[in-house]
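Enquirer: Pasting in a structure now, in structure tokens, and then I'll have a few things to ask.
The values are calculated or read from the model by the stated rules, or taken from the named source; none is laboratory data. Nothing here was measured: the structure is a model prediction, and the numbers come from that model. Note that each Cβ is placed from the backbone with ideal geometry, even for glycine, and that neighbours are counted across all protein chains shown. All accessible areas refer to the heavy atoms of the entire protein, side chains included, with ligands and DNA or RNA removed. Shrake-Rupley method; radii C 1.70, N 1.55, O 1.52, S 1.80 Å.
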Amino acid sequence: MSETTHAPVTSRDAFAPDAPYGLRIGADEVATDARFPAIDPSTGATWTEVPQADAGHVEQAVQAARRAFASWRRTSPAQRQEALWRMADAVEADPARWACLLATENGRPIREATVADVPTCAAILRYFSGLARDLRGDQIPVERPDSLVYTTREPLGVIAALIPWNSPIITLANKLGPALAAGNTVVVKPSEYASPSVLEFARLVQDILPPGVLNVVTGFGPEVGAALVSHPDVAKITFTGGSATARQIMSAAGRVLTPAIMELGGKGAMVVCADADLDAAVADALTGIFMANGEVCVAASRLLVHEDVHDEFAERFTRVARRIVVGDALDPATQFGPLVSAAQRDRVLGCVERAVAEGARPLVGGAALALPAPLDGGFYLAPTLLQDAAGRTSGSREEVFGPVAVLERFRDEDDAIARANAGPYGLAAGVWTRDLARAHRVARALEAGIVWVNTWFDLPVGAPMGGVGDSGFGRELSAETLREYSAPKVVNVDLSTERPDLWGQ
Ligand code: NAD
């Protein structure tokens, strides 16, 4: 039985939209015949309805984005800069409303939504607002003296952005910021588990962006998402989600030769050396795996701890994990909310059960939690630590995408590096040590897009974000991201006054 304590049930003040949501297509909110429920994961109750698009709506949205592209691409960098800045202002105007919506939508504890999602979303939009003024080509030094060769950066056209349910407005800003700054227009397909926040965002910015620059089609991945990624008028796909979905999208995109940016899953290995500051390492490990309910691509889901400090680390970690306050995402006292859906909770539980059957041992958690009414219909799971000293179970290899860390024991640096690099993913990894040379040596050896030293979860705007291996390709959040959303055009000018007569003119 879990010793996790539960938050007291407070009066719920869940988010309510001003009006029923429609699809955002061009200037309009389009009602659909079919709708599906948005479920509040804290209670399991329906809190609003989401329009369900079909292939016809996808066609309309792509054509609206195509029409808008003709003029949006001709806007000045200053106009795009101002639009993005105003979008950030609009998001920041009512952070409490946003935090309430995000907690209601996907179960992210409101204390996190307040300090993380809203400011980060705005910061990303402001960063790309600045970069809109700095998208520049090159003048190319060439051999022929009478040539002037230069490049301009051209927008690509209609961008299809497919996003997951965790941190929806941050992921949205990661796509919209660079795509709009570079002069593209966008059709967004949000997750079926986090659509209202994206529809709400579209409402918020409707007077800032010209009609058709941002379109949103909601519905299910295999229908709406699949229709969007196989559309021949989509110039580029930008996807954040699971590796299995990415494979399906790549194969559909291959048929219409559409390139893609892929931000995929991970299995973040945190290497804790014997000389680490253990208090700080334990604190970062707890944040690394339990922040946002563990539903994070860069979660610290593998804790590789040196054998000399392994037992002490385990003792300190479990002591705190047992006291984590699990409860209603809307309650400011809640440290850890529900998982996004019953299916996700059951999937995570299945991963835990499989790992345990293969030899892993739960040190804390490992089971679903039943909370009192009105939270009795919610999707709760105890924060979990499994011990798999040898790192041989599926829990040490597969992405769980939930609040489950696996604790492994390593002998020496080579052993730690070999284990950390063993899986197919390469998104985030980290090393905890006071030895400067070791920190850089291990950072160099870890195969990941992001390596943290004595910290975790710090993703500063401006630092390229992305992975290697099954964690995907392309980089977000940085200056080079703008290049992903634009292509060079070469202009080659002949400056000569005479030309050789090759044809006997
Ligand atoms: P998912 O892959 O199930 O869905 C992502 C999006 O793709 C959703 O909008 C979904 O509707 C759509 N989709 C599903 N099937 C599709 C298809 N056949 N064609 C087109 N679109 C389709 O992911 P999820 O469960 O929503 O999110 C969790 C995953 O996202 C995890 O693997 C996590 O690691 C990853 N993730 C990665 C990052 C990153 O930056 N690397 C960030 C957040 C989440």
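Enquirer: Tell me, please, whether a residue that is among the aromatic types (Phe, Trp, Tyr) and over 23 Å from Ala16 (Cβ atoms) can be found in region 146-153.
Expert: There is at least one residue in region 146-153 that is among the aromatic types (Phe, Trp, Tyr) and over 23 Å from Ala16 (Cβ atoms).
Enquirer: Oh, and also: Would you call Asp308 more than 19 Å from the chain's Cα centre (by Cα), away from the ligand (no atom under 16 Å from the Cβ) and in a helix (DSSP H, G or I)? Outline the logic, then answer.
Expert: On the way: more than 19 Å from the chain's Cα centre (by Cα): yes; away from the ligand (no atom under 16 Å from the Cβ): yes; in a helix (DSSP H, G or I): no.
No; evaluated as a whole, the condition is false for this residue.
Enquirer: Pull out all pairs, ordered by first then second residue, where Cβ-Cβ is under 6 Å, the residues are six or more apart or on different chains, the first lies in region 454-467 and is more than 17 Å from Asp117 (Cα to Cα) and open to solvent by 40 Å² or more (accessible area, probe 1.4 Å), and the second is part of a strand (DSSP E or B) and of a type in the set (A, V, I, L, M, F, W, C).
Expert: Asn454/Trp432
Enquirer: Checking the condition assigned to a helix (DSSP H, G or I) and either touching a helix residue (DSSP H, G or I) at 6+ places or on another chain (Cβ under 8 Å) or away from the ligand (no atom under 16 Å from the Cβ) (or both), which residue from Ala160, Ala113 passes?
Expert: Ala113
Enquirer: Now a separate question. So which of Ile249, Ile237 ends up being among the hydrophobic types (A, V, I, L, M, F, W, C), touching a Ser or Thr at 6+ places or on another chain (Cβ under 7 Å) and either assigned to a loop (DSSP other than H, G, I, E, B) or open to solvent by less than 20 Å² (accessible area, probe 1.4 Å) (or both)?
Expert: When all the criteria are applied, what remains is Ile237.
Enquirer: Quick one: in region 470-493, of everything that is in contact (Cβ under 8 Å) with a residue 40 or more places away in the chain and open to solvent by 60 Å² or more (accessible area, probe 1.4 Å), which residue is nearest to Arg126 (Cα to Cα)?
Expert: Among those that are in contact (Cβ under 8 Å) with a residue 40 or more places away in the chain and open to solvent by 60 Å² or more (accessible area, probe 1.4 Å), it is Arg483.
Enquirer: When only residues in region 209-220 that are out of contact with any Gly (no Cβ under 8 Å at 6 or more places or on another chain) and open to solvent by 30 Å² or more (accessible area, probe 1.4 Å) count, which is nearest to the ligand (Cβ to nearest atom)?
Expert: Filtering first and then ranking leaves Phe220.
Enquirer: Among the strands (runs of 3 or more DSSP E) lying completely within region 358-422, list those that include at least 3 residues that are within 27 Å of the chain's Cα centre (by Cα). Give the steps one after another, and end with the answer.
Expert: On the way: elements: 361-364, 384-387, 404-410.
It comes to 384-387, 404-410.
Enquirer: For a quick check of your reading of the model, give me the residue pairs whose first member lies in region 425-444 and is surrounded by 24 or more Cβ atoms within 10 Å (Cβ to Cβ), whose second is aromatic (Phe, Trp, Tyr), with beta-carbon atoms closer than 6 Å and at least 6 apart or on different chains.
Expert: Every condition considered, the pairs that remain are Gly430/Trp452; Gly430/Trp456.
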